[in-house]
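The values are calculated or read from the model by the stated rules, or taken from the named source; none is laboratory data. The model shown is predicted, which means the values in this text are computed figures rather than measured ones. Quick reminder, even Gly has a Cβ in these numbers, built from the backbone with ideal geometry, and neighbours come from all protein chains shown.
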Amino acid sequence: MIGRQERWQEDLFVAGALRELVPDDHILKRVDKVLDLSWLREEVRDSYCEENGRPSIDPESAVRLMLAGFFEGIVHDRKLLRQAQVNLAIRWFAGYRLDETLPDHSSLTRIRQRWGPERFKRIFQKTVEACVKGGLVDTETVHVDATLIRADVSWESLVAHHAETVLTENPDDGDAGPPRGGKPAKVKKRSTTDPDATMTTNRKDQRLEPSYKQHTAVEDQSGVIVDVAVTTGEESEGKQLLEQLERVEQNTGRHVETVTADATYAHAANYAALEARKTAAVIPPQKEPRTKSPLPLSRFKYDARHEIVQCPAGKTLQRSSRGKKGWWYRARVKDCRGCRLRKRCLSRAVQVRQVMIVDGYAALLRARRHRLRWDDATYGNYVRHRWQVEGVHGVAKTQHGLRRAARRGLSNVRIQSYLTAAVMNLKRLAALLFAFFLRCGMREARRQRAMHVTDDLLRRASPNRPPRHLAA
């Protein structure tokens, strides 16, 4: 017989708690068991006036609303509040009853402006601490990488700014005036709606786009995000490595034994600093840049102990002057004048050969030799880097809306990044708790099954004997 459902029959009362209407396997219900925001009220108390004004939105409810949106991939407040009107799971997770009025979307905007990115960074750090307590983080190996976040601006908002004009209008930079040599100034594009976004790209064959850059550190075994930072797109990720490792150790309270990264982090200064802090570097060195001279720097022998350089002809180059990245080593004129390799080493207009030895060059040479002797374990760590941290970036962009910035300004993008990282860590922690309960449930089921089998055998041997669970 075909059934009939009365669609337009409205219930005046709902029997049962709102929690019972949310499935037990829903992600928000799992996360609620591991999320602790009891500390948040005291953390943000100084942002509110205790004597004047009407009561604000409960801080924990506001954060829970934002987190629920990121779990669903909703990054815009208007869409989030519309979804919360009809989504029972979001209402229950944020602590709003069916008959309660949800806050206006502008209230969440004011909360972000009032708190600032540091408060949301604290929320992310609390998730890292929870993962450490749960045994998900050991920091024996940490993978570091950066990704671009497209700024929330249109192409029509981009205007050209000449570097010469910028230097002239900002004499505090110390280089006011036209560039040397009469060369034309570089033309840079900036967005009038989001000046913090800078033009950059991941690949040379792709056009520049206004973007921000997120620097991420991921733990190897569990994939927990142990640090995240957002800068402008022009910032070099290699210069962020050492500061990021320090933040990882502050967030986890543990020393990083091994760090993996791609070749963009292969700076000589990074190799030297990692050796000093006793952190193994699984970073493939970059190839030596090509030069016009047939005798590149690799043909010169560098003696770090005596701070001298020996050319292929056996002559010694001494330190002459300090550059931005290292020391210039210069040969003597009489040594280059009668050298048998002069035609291959120098042009007609140059009288003497000089080379730049960057800071940490000795550590770079050791890294190049170590790269040739990578074993299977080291190569396996680098392979895990390729899918572990890049996989985190992929999930954040496809499932949690981090492909494009939801709001404008560096502080807003940082808040979005912190909340996204916190959501992904909470998912890892909830999955661990679910697996624990599942193992406990299976263990209890096996115990109950074994008990009933034993009772059945005893009952057959002694028909008048009651079962063990009823004997007590």
- [ ] Give just the number: which of (1) outside the structural domain of T316 (by TED's automatic domain parsing); (2) of a type outside the set (F, W, Y); (3) over 29 Å from L148 (Cβ atoms); (4) surrounded by 12 or more Cβ atoms within 10 Å (Cβ to Cβ) does D376 not satisfy?
- [x] (4)
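Inspect region 134-141 for any residue being in contact with a strand residue (DSSP E or B) (Cβ under 9 Å, 6 or more places away or on another chain), on the phi > 0 side of the Ramachandran plot and modelled with pLDDT under 95 and give the result as yes or no.
Looking only at region 134-141, we keep the residues that are in contact with a strand residue (DSSP E or B) (Cβ under 9 Å, 6 or more places away or on another chain), and these are 136-141.
This time we only want the ones that are on the phi > 0 side of the Ramachandran plot, so: 139.
Then drop every residue that is not modelled with pLDDT under 95, which leaves 139.
Yes, the conditions are met somewhere in region 134-141.
Considering only region 379-395, state which residues are aliphatic (A, V, I, L, M) and in contact (Cβ under 8 Å) with a residue 40 or more places away in the chain.
V389, V392
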Open item on the list: Could you go through region 219-229 and let me know if any residue there is surrounded by fewer than 21 Cβ atoms within 10 Å (Cβ to Cβ) and in a strand (DSSP E or B).
Closed with: yes
Open item on the list: Of all residues being crowded, with 18+ Cβ neighbours inside 10 Å and over 12 Å from M66 (Cα atoms) in region 92-102, which is nearest to the chain's Cα centre (by Cα)? Just the residue, please.
Closed with: W92
Task: Subset of region 274-306 (residues that are at pLDDT 90 or above and loosely packed, with under 15 Cβ neighbours inside 10 Å) - done: A276, R277, K278
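Select, from W387, W374, the only residue that is in a loop (DSSP other than H, G, I, E, B) and within 26 Å of T216 (Cα to Cα). Quick ask: steps written out before the conclusion?
On the way: W387 fails: in a loop (DSSP other than H, G, I, E, B).
It is W374.
Identify, please: which residue in region 334-356 is aliphatic (A, V, I, L, M) and over 16 Å from P312 (Cα atoms) and is, among those, nearest to the chain's Cα centre (by Cα)? I'd like the intermediate steps shown before the answer.
Initially, region 334-356 is screened for residues aliphatic (A, V, I, L, M), giving 341, 346, 349-350, 352, 355-356.
Applying the additional criterion that residues be over 16 Å from P312 (Cα atoms) yields 349-350.
Numbers: A349: 49, V350: 47 Å.
Among those that are aliphatic (A, V, I, L, M) and over 16 Å from P312 (Cα atoms), it is V350.
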Task: Residue that is farthest from G238 (Cα to Cα) [pool: residues in region 190-218 that are part of a strand (DSSP E or B), of a type in the set (A, V, I, L, M, F, W, C) and in contact with a helix residue (DSSP H, G or I) (Cβ under 9 Å, 6 or more places away or on another chain)] - done: V218
Open item on the list: I'd like the full set of residues that are closer than 30 Å to I225 by Cβ and touching a residue at least 60 places away in the same chain (Cβ under 8 Å), limited to region 349-373.
Closed with: G360, A363, L364, A367, R371
Open item on the list: When you check Y271 against the structure, is it within 23 Å of G380 (Cα to Cα) and of a type in the set (F, W, Y), yes or no?
Closed with: yes
